[in-house]
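*Asks:* There's a structure below that I have some questions on.
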Amino acid sequence: MESTSRAVDRLTQHHTVFVGGTVAECGPLLEELRLARYPNLGRTKGGGGSGDLLDMKAVSMYETIDAGVRAWLDHFRQPAPADLIEATVRLHDVLHAEAAGGRLDDPDTMFGMFTTWVQRIEDLFDPPREFELTAACPECETEHVADEDGGMRWAVRVPVKKGRALVAECRACGELWAGEDRLLELADGMGEEVDHVALRLLALEASNASADVIP
């Protein structure tokens with residue numbers, strides 16, 4: 001898994017990534033997300049493009065991250081800079097200070113926020129392939145959930161992306177199954193509807209994939 005410091009750097013600084021055999025310079029992911037909220041800003045009527053002025057997925061994600069950063073700074077009684085990038089760096093520093101003083105109850109979850117934000121932004125720009133498991137979630141027994149377009153999808157999904165650990169998740173209850181053993185445990189809990197061989201192949205694909213990020 002990507003380190004917390006690397007995740008914070010990618011969120012807040014210009015950084016280098018390795019894509020398709022080529023080294024590329026990227027801007028801060030939070031800045032890229034901020035700009036993505038208005039994909040057609042500045043286009044004239046005759047300039048081409050017929051998309052919406054707002055990208056609501058980018059807007060929602062940006063607002064969610066912004067609210068989360070400010071809520072945690074407020075929780076620790078720290079002032080929040082107006083700029084989200086500065087606020088994110090401050091939150092990281094605050095969490096380090098709290099952890100060093102033994103005052104952080106769940107460091108893995110708290111520091112894991114930064115990696116989660118990186119993954120969500122990356123998935124917005126480059127969505128993973130997604131597989132649905134056609135049986136009810138063994139934890140909450142939910143079979144289907146509504147998607148953002150009003151349709152129905154199977155509750156348990158497995159996003160697959162190069163360099164990303166293979167994790168199944170339930171959209172209804174949030175339960176996660178990470179790694180081949182847990183995925184096979186999930187298959188057993190779901191019954192014969194799930195193809196064990198397919199799960200093994202997905203796990204093998206994910207474990208053999210090389211990461212696209214230069215450490």
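Derivation of every value follows stated rules applied to the coordinates shown; laboratory data play no part. If you're wondering where the values come from, they're calculated on a predicted model, not measured in any experiment. Glycine gets a Cβ as well: all are built from the backbone with ideal geometry, and neighbour counts include every protein chain shown.
*Asks:* Under a plain spin-label model, where a point goes 7 Å from the Cα along Cα-to-Cβ, how far apart in nm are D108 and A67?
*Replies:* 2.8 nm
*Asks:* Also: Quick one: which residues, 5+ away or cross-chain, put their amide H under 5 Å from the amide H of F131? H built at 1.01 Å from N.
*Replies:* Amide H neighbours of F131, under 5 Å, 5+ apart: V158, V160.
*Asks:* Which ³J(HN,Hα) values in Hz, rounded to whole numbers, follow from the phi angles of the stretch 63-69 under the Karplus curve 6.51 cos²θ - 1.76 cosθ + 1.60, where θ = phi - 60° and Gly and Pro get x?
*Replies:* So the Karplus estimates, Gly and Pro as x, are 5, 5, 5, 4, 5, x, 4 Hz.
*Asks:* What is the packing order of peptides 163-172, 56-65, 99-108, taking the mean over residues of other C-beta atoms within 10 Å and listing the highest first?
*Replies:* 163-172, 56-65, 99-108
*Asks:* I'd like the Karplus ³J(HN,Hα) series for the stretch 103-115: coefficients 6.51, -1.76, 1.60, θ = phi - 60°, whole numbers in Hz, and an x wherever there's a Gly or Pro.
*Replies:* Here the 3J(HN,Hα) series is 9, 9, 5, 9, x, 4, 5, 5, 6, x, 4, 5, 5 Hz.
*Asks:* Determine the dipole magnitude for the stretch 57-140: charges of +1 sit on the beta-carbon of Lys and Arg, -1 on that of Asp and Glu, nothing else is charged, the reference point is the Cα centre, and the result goes in debye to the nearest 20. Intermediate values should be presented prior to the final figure.
*Replies:* Details: 7 positive and 16 negative charges, 42 e Å.
Around 200 debye, computed over the stretch 57-140.
*Asks:* So if I average 1/r over every pair of distinct C-alpha atoms in the stretch 136-191 and take the inverse, what Kirkwood radius in Å does that give?
*Replies:* Numbers: mean 1/r = 0.0850 Å⁻¹.
Across the stretch 136-191, the inverse of the average 1/r is 11.8 Å.
*Asks:* Another question, then. Given Cα pairs under 8 Å that are at least 6 residues apart, what percent is the relative contact order of the stretch 59-183? Please report the intermediate quantities before stating the final value.
*Replies:* On the way: 126 pairs, mean separation 16.8, N = 125.
About 13 percent, as a whole number.
*Asks:* When you count, for each residue, the other Cβ atoms within 10 Å and take the mean per peptide, how do 112-121, 182-191, 75-84 rank with the highest first? If you can, show how the numbers build up before the last one.
*Replies:* Values: 112-121: 18.5, 182-191: 16.4, 75-84: 12.8.
Descending packing order for the listed peptides: 112-121, 182-191, 75-84.
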